[in-house]
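Novice: Have a look at this one.
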Amino acid sequence: MRGKRVAVVGAGAAGLSAALALREGGAEPVVFEAAEKPGGKIGTVPEGGFLAEDGPTALMAGASTAHGLAAKLGLAPEIRDARARAARYVFTRGRLHAAPSLGLFSAGGWARAALEPFWPGRPGPDGSLHDYLVSRLGRQAGALAAGVMARGVYAGDPERLSAQEAFPSLGAISRDHRSLLLGALAAGRASRGKPKPRPGLWSFAGGLSALVRAMAGRLGERLRLATPVVSLAPEGAGFRVGWDGAAPGEGSFESVILALPAFAAANLCRGFAPGLAGALGAIPYAPVAVVHLGVKDSQLARPAAGFGLIDGDGTLGMLGALFPGWLFPGRAPEGCALLTAMVGGVRRPQVVDASDAGLVELARAALGRALGLAGDPVFTRVVRHARAIPQIEVGHAARVKAVEKEAARFPSLALCGAAYHGVSVDSALIDGGVTAARLLKG
Ligand SMILES: Cc1cc2nc3c(=O)[nH]c(=O)nc-3n(C[C@H](O)[C@H](O)[C@H](O)COP(=O)(O)OP(=O)(O)OC[C@H]3O[C@@H](n4cnc5c(N)ncnc54)[C@H](O)[C@@H]3O)c2cc1C
């Protein structure tokens, strides 16, 4: 494998991670990125005194691969933990409730949820998140919990997301325990005393792009920005990669890693592998618009203190909002708050197509109801991701198996990214590294 020329298509978290692992293994990666900057969904933008994240806001507590990578790249001093005990809120029944709190459900809803450990039956978690949680917690609590989880993590539809595959910890509990609540308690007890990866959410002083910049810096000229790959075709045992301005012979590679969203990988494979393209195209995505509002603290009747809020019953017209200005230092000027609304998702895809002004007004009105936001924001920024987050819907594992089976016909072609084994930044980093290691083994 030493010196092997590998084309990595896509410089998001997965592609950058794959390329670094290839370098470490002695291969010669060339990374092609369509955009003018690396990072894919990750993008931190300083503007008007605010530091806005156009995609992911934070790494999760368990993101140990990202943490290890950050340390290796010399970023340890830049790591910033989110404020401890960041409360989470749910807007439901016409007002904001801390989660968990009594006001979330009616007395009947709580009574039914409390019966869960004694509720008969042990339904398998291979159905939808909604069906699974309603069967265990009752209609009111189950539907609310499923909606909150689906919107908060996937911008998804709880009736289509898979309980087991989209939320592996639910799958594990339901496999080993008769009761969801008792299983969760047992899991908490079992983890006591074990080393915790991180206390909570975390990022970097300069936002998540710090990690991207450090990874891209290690690749140097091996990373070609503003260079979309426009064609791909098998050539001997390897592949011919096409991009505008490629010199003759330059496009021949021994292997290719497509570190792309599934639909983008499908477009490149359609010509030589229609079966693979079809399998990739079957992985659905949710559209999301990110709407940043910078406001003065004095404009908020209720401080945006906490992690953020979820639109629990869909009555605010958005998925939810994060409070990055409170979570991390340096995200908003003194006396101001940065609120990041997430709009759209599988159930309201068309909202993402509204004008910038329309999206700002939607977010402003929703946060007016939830937090008593009054007046116009002092800063706004709108970013649309037409296909933002892969949906781990019921049958996802079978869809990924179909992709792997079709891809196996091309030993020098590999796929990685958020579409396959987890949608978080950390999962994409892991998938990139694992895919590169597999290719290095040959
Ligand atoms: C709004 C939003 C909020 C999120 N919040 C969080 C969060 O808080 N925490 C978390 O862990 N995760 C979060 N995620 C998920 C996470 O950010 C993504 O799943 C992950 O970053 C995807 O990485 P990737 O490398 O698989 O794909 P991408 O980031 O999509 O990278 C793919 C790259 O391929 C490039 N490309 C496409 N076509 C071509 C071509 N033909 N030639 C060359 N290059 C091409 C694209 O330009 C892109 O740079 C969020 C996602 C979104 C959209």
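Novice: Does Gly217 count as buried (at least 16 other Cβ atoms within 10 Å of the Cβ) and either more than 19 Å from Ala34 (Cβ to Cβ) or within 11 Å of the ligand (Cβ to nearest atom) (or both)?
Specialist: So Gly217 fails the test.
Novice: Among the residues of the range 222-263, what is the count of those that are more than 9 Å from the ligand (Cβ to nearest atom), touching a residue at least 24 places away in the same chain (Cβ under 8 Å), aliphatic (A, V, I, L, M) and outside any strand (DSSP E or B)?
Specialist: Number satisfying all stated conditions: 4.
Novice: Note down all Cβ pairs under 7 Å where the first residue falls in the range 398-421 and is within 17 Å of Val8 (Cβ to Cβ), the second is assigned to a helix (DSSP H, G or I) and among the charged types (D, E, K, R), and they're at least six residues apart or on different chains.
Specialist: Ala414/Arg438; Cys416/Asp431; Gly417/Asp431; Tyr420/Asp431
Novice: A further question on this structure: Which condition number in (1) more than 10 Å from the ligand (Cβ to nearest atom); (2) over 29 Å from Leu339 (Cβ atoms); (3) at pLDDT 95 or above is the one that Trp110 fails?
Specialist: Result: Trp110 fails condition (3) only.
Novice: Among the listed residues Leu133, Leu75, which satisfies the condition of being among the hydrophobic types (A, V, I, L, M, F, W, C) and farther than 27 Å from Met318 by Cα?
Specialist: Of the residues listed, the single one that is among the hydrophobic types (A, V, I, L, M, F, W, C) and farther than 27 Å from Met318 by Cα is Leu75.
Novice: Let me ask you something else. Return the residue satisfying two criteria in turn: it lies in the range 132-159 and is within 16 Å of the ligand (Cβ to nearest atom) and among the aliphatic types (A, V, I, L, M), and of such residues it is surrounded by the most Cβ atoms within 10 Å (Cβ to Cβ).
Specialist: Ala150
Novice: Within the range 177-204, take every residue that is basic (Lys, Arg) and either closer than 30 Å to Glu53 by Cβ or part of a loop (DSSP other than H, G, I, E, B) (or both) and give me the one that is modelled with the highest pLDDT.
Specialist: Taking the range 177-204 as the starting set, the residues that turn out to be basic (Lys, Arg) are 178, 189, 192, 194, 196, 198.
In the following step, the residues that additionally are either closer than 30 Å to Glu53 by Cβ or part of a loop (DSSP other than H, G, I, E, B) (or both) were identified as 178, 192, 194, 196, 198.
Working: Arg178: 81, Arg192: 72, Lys194: 68, Lys196: 62, Arg198: 60.
Residue satisfying both the conditions and the ranking: Arg178.
Novice: Just to be sure before I move on: is Ala370 crowded, with 17+ Cβ neighbours inside 10 Å, more than 16 Å from the ligand (Cβ to nearest atom) and part of a helix (DSSP H, G or I) in the structure I sent?
Specialist: In short, yes.
Novice: Can I ask one more? For the range 86-97, enumerate the residues that are surrounded by fewer than 14 Cβ atoms within 10 Å (Cβ to Cβ) and part of a strand (DSSP E or B).
Specialist: Arg95
Novice: Of the numbered conditions (1) of a type in the set (D, E, K, R); (2) outside any loop (DSSP other than H, G, I, E, B); (3) in contact with a helix residue (DSSP H, G or I) (Cβ under 8 Å, 6 or more places away or on another chain), Arg83 satisfies every one except a single condition; which is it?
Specialist: The failed condition is (2).
Novice: OK, next. Answer yes if at least one residue in the range 53-61 is within 15 Å of the ligand (Cβ to nearest atom), farther than 19 Å from Cys416 by Cα, among the acidic types (Asp, Glu) and modelled with pLDDT under 95, and no otherwise.
Specialist: For the range 53-61, residues within 15 Å of the ligand (Cβ to nearest atom), farther than 19 Å from Cys416 by Cα, among the acidic types (Asp, Glu) and modelled with pLDDT under 95: absent.
Novice: Keeping to the range 28-52, report how many residues are more than 8 Å from the ligand (Cβ to nearest atom) and touching a strand residue (DSSP E or B) at 6+ places or on another chain (Cβ under 9 Å).
Specialist: From the range 28-52, those more than 8 Å from the ligand (Cβ to nearest atom) are 28-31, 36-37, 43-52; that's our starting set.
Next, only the ones that are touching a strand residue (DSSP E or B) at 6+ places or on another chain (Cβ under 9 Å) stay: 28-31, 43-52.
Qualifying residue count for the region: 14.
Novice: Condition (residue is in contact with a Lys or Arg (Cβ under 7 Å, 6 or more places away or on another chain) and at pLDDT 95 or above) applied to the range 374-382: is it met by at least one residue?
Specialist: Yes.
Novice: Do we have Leu413 as more than 13 Å from the ligand (Cβ to nearest atom) and either of a type in the set (Val, Ile, Thr) or touching a Gly at 6+ places or on another chain (Cβ under 7 Å) (or both) here?
Specialist: no
Novice: Going through the range 96-117 one residue at a time, which ones are over 26 Å from the mean Cα position of the chain (by Cα) and without any contact (Cβ under 8 Å) to a residue 24 or more places away in the chain?
Specialist: First pass over the range 96-117, keeping only residues over 26 Å from the mean Cα position of the chain (by Cα): 101-117.
Hits for the range 96-117 are Ser101, Leu102, Gly103, Ala107, Ala111, Ala114, Leu115.
Novice: Name the residues in the range 416-442 that are within 16 Å of the ligand (Cβ to nearest atom), over 18 Å from the mean Cα position of the chain (by Cα) and either in a loop (DSSP other than H, G, I, E, B) or of a type in the set (S, T, N, Q) (or both), would you?
Specialist: Passing the criteria: only Thr435.
Novice: To continue, here is another question. Checking the condition crowded, with 22+ Cβ neighbours inside 10 Å, within 15 Å of the ligand (Cβ to nearest atom) and within 19 Å of Leu104 (Cα to Cα), which residue from Ala266, Ala321, Ala289 passes? Quick ask: steps written out before the conclusion?
Specialist: Working: Ala266 fails: within 19 Å of Leu104 (Cα to Cα); Ala289 fails: within 19 Å of Leu104 (Cα to Cα).
Answer to the selection: Ala321.
Novice: With (1) surrounded by fewer than 24 Cβ atoms within 10 Å (Cβ to Cβ); (2) touching a strand residue (DSSP E or B) at 6+ places or on another chain (Cβ under 6 Å) as the list, and Ala398 as the residue in question, which single condition is left unmet?
Specialist: If we test Ala398 against (1) surrounded by fewer than 24 Cβ atoms within 10 Å (Cβ to Cβ); (2) touching a strand residue (DSSP E or B) at 6+ places or on another chain (Cβ under 6 Å), just (2) comes out false.
Novice: With the structure loaded, tell me whether Ala418 is touching a Pro at 6+ places or on another chain (Cβ under 6 Å) and of a type in the set (A, V, I, L, M, F, W, C) or whether it fails that test.
Specialist: Criteria met by Ala418.
The values are calculated or read from the model by the stated rules, or taken from the named source; none is laboratory data. These figures come from a predicted structure and were not determined experimentally. Counting neighbours? That spans all protein chains shown, and the Cβs are built from the backbone with ideal geometry, glycine included.
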